[in-house]
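The values are calculated or read from the model by the stated rules, or taken from the named source; none is laboratory data. Note that the coordinates shown come from a computational prediction; the quantities given were computed from them, not determined experimentally. FYI the Cβ positions are ideal-geometry reconstructions off the backbone, even for glycines, and counts take in every protein chain you see.
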Amino acid sequence: MRWFRRLAEGVFDVDDVIARSGQLAAFIGAARDHYGIGDRTLVAVGFSNGANIALATAMLHPDALDRVVAFSGMYPLGQRDSAADLSASRILAVNGDADPMAPLSSVNELVAVLERHGAAAEQVLRPGGHGIGPVDLDAARMWLANNS
C-alpha cells in the first residue's frame, strides 16, 4: 500500500505527503478518543513508504505522533523543512548503507533536520540495501525498550 503519491522513484509529491500526514494525524486523534487510549505513548513502525508517512506525520504533527521506528525510510519533505518543535520526539532510522531506494544522503538529511528541531534521533546503518534484517530488528527492539 502506498500512503502518498510519488512523482518518480524516490521523488515524493510533497503536497500530498503533507495532506496525507494531516489525515493520519487526525485519524490518530480520533482513534485515541474512540479506543480510550488517551495520552499513552504510541509508536509508529513502518517500512519504506510506511516509514516515510510516519516520519512526515511525526515531523509535521508531533502532538499526534512523537515516536517512530523507520525501516528504510528517508527525508519525506523534499525541499521543505518542518518548523515544529520536536523536542519531545524520539525517532529511530534504520537503513542499509547502500540502499538505492532510500539513499544515505537523504537519511543523513532526515537525521540532521530532526536534530535541528530538537528530536532525539538515532541512526542505525547496516551493510546492504532496501530491507529489514536481523540487525535492524535487534536495533528496533533495543530502541523500543528505552523509548516507548
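If you scan the stretch 125-148, which residues turn out to be under 16 Å from the mean Cα position of the chain (by Cα), assigned to a helix (DSSP H, G or I) and small (Gly, Ala, Ser)?
Ala139, Ala140 - these are the residues of the stretch 125-148 that are under 16 Å from the mean Cα position of the chain (by Cα), assigned to a helix (DSSP H, G or I) and small (Gly, Ala, Ser).
Do you know which residues across the stretch 47-63 are surrounded by 19 or more Cβ atoms within 10 Å (Cβ to Cβ) and either in contact with a helix residue (DSSP H, G or I) (Cβ under 7 Å, 6 or more places away or on another chain) or closer than 15 Å to Gly22 by Cα (or both)?
Of everything in the stretch 47-63, those that are surrounded by 19 or more Cβ atoms within 10 Å (Cβ to Cβ) and either in contact with a helix residue (DSSP H, G or I) (Cβ under 7 Å, 6 or more places away or on another chain) or closer than 15 Å to Gly22 by Cα (or both) turn out to be Asn52, Ile53, Ala54, Leu55, Ala56, Thr57, Ala58, Met59, Leu60, His61, Pro62.
Given the criterion of a type in the set (A, V, I, L, M, F, W, C), free of Cβ contacts under 8 Å to residues at least 40 places away in the same chain and surrounded by fewer than 18 Cβ atoms within 10 Å (Cβ to Cβ), identify the matching residue among Leu137, Leu144.
Leu137
Looking at the stretch 76-105, which of the residues that are crowded, with 18+ Cβ neighbours inside 10 Å and more than 23 Å from Asp138 (Cα to Cα) is modelled with the highest pLDDT? Break it down into steps so the answer makes sense when it comes.
Narrowing the stretch 76-105 to residues crowded, with 18+ Cβ neighbours inside 10 Å: 76-77, 82, 86, 89-96, 99, 102.
Restricting the remaining residues to those that are more than 23 Å from Asp138 (Cα to Cα) gives 76-77, 82, 86.
Working: Pro76: 89, Leu77: 87, Ser82: 72, Leu86: 97.
So, considering only residues that are crowded, with 18+ Cβ neighbours inside 10 Å and more than 23 Å from Asp138 (Cα to Cα), the one modelled with the highest pLDDT is Leu86.
Within the stretch 38-61, work out how many residues are on the phi < 0 side of the Ramachandran plot and of a type in the set (Ser, Thr, Tyr).
The initial filter retains those residues of the stretch 38-61 that are on the phi < 0 side of the Ramachandran plot, namely 39-47, 49-61.
Those still in the list that are of a type in the set (Ser, Thr, Tyr) too: 41, 57.
The qualifying residues number 2.
If you check Gly29 against the conditions, is it surrounded by 13 or more Cβ atoms within 10 Å (Cβ to Cβ), at pLDDT 95 or above, over 21 Å from Glu115 (Cα atoms) and not aliphatic (A, V, I, L, M)? Show your work before the answer.
Numbers: surrounded by 13 or more Cβ atoms within 10 Å (Cβ to Cβ): yes; at pLDDT 95 or above: yes; over 21 Å from Glu115 (Cα atoms): yes; not aliphatic (A, V, I, L, M): yes.
Against the criterion (surrounded by 13 or more Cβ atoms within 10 Å (Cβ to Cβ), at pLDDT 95 or above, over 21 Å from Glu115 (Cα atoms) and not aliphatic (A, V, I, L, M)), Gly29 qualifies.
For (1) part of a loop (DSSP other than H, G, I, E, B); (2) within 30 Å of Pro100 (Cβ to Cβ); (3) touching a residue at least 40 places away in the same chain (Cβ under 8 Å), each residue gets a yes or a no:
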{"site": "Gly36", "(1), (2), (3)": "yes, no, no"}
{"site": "Arg40", "(1), (2), (3)": "yes, no, no"}
{"site": "Val45", "(1), (2), (3)": "no, yes, yes"}
{"site": "Ile53", "(1), (2), (3)": "no, yes, yes"}
{"site": "Met59", "(1), (2), (3)": "no, yes, yes"}
{"site": "Leu65", "(1), (2), (3)": "yes, yes, yes"}
{"site": "Val69", "(1), (2), (3)": "no, yes, yes"}
{"site": "Leu77", "(1), (2), (3)": "yes, yes, yes"}
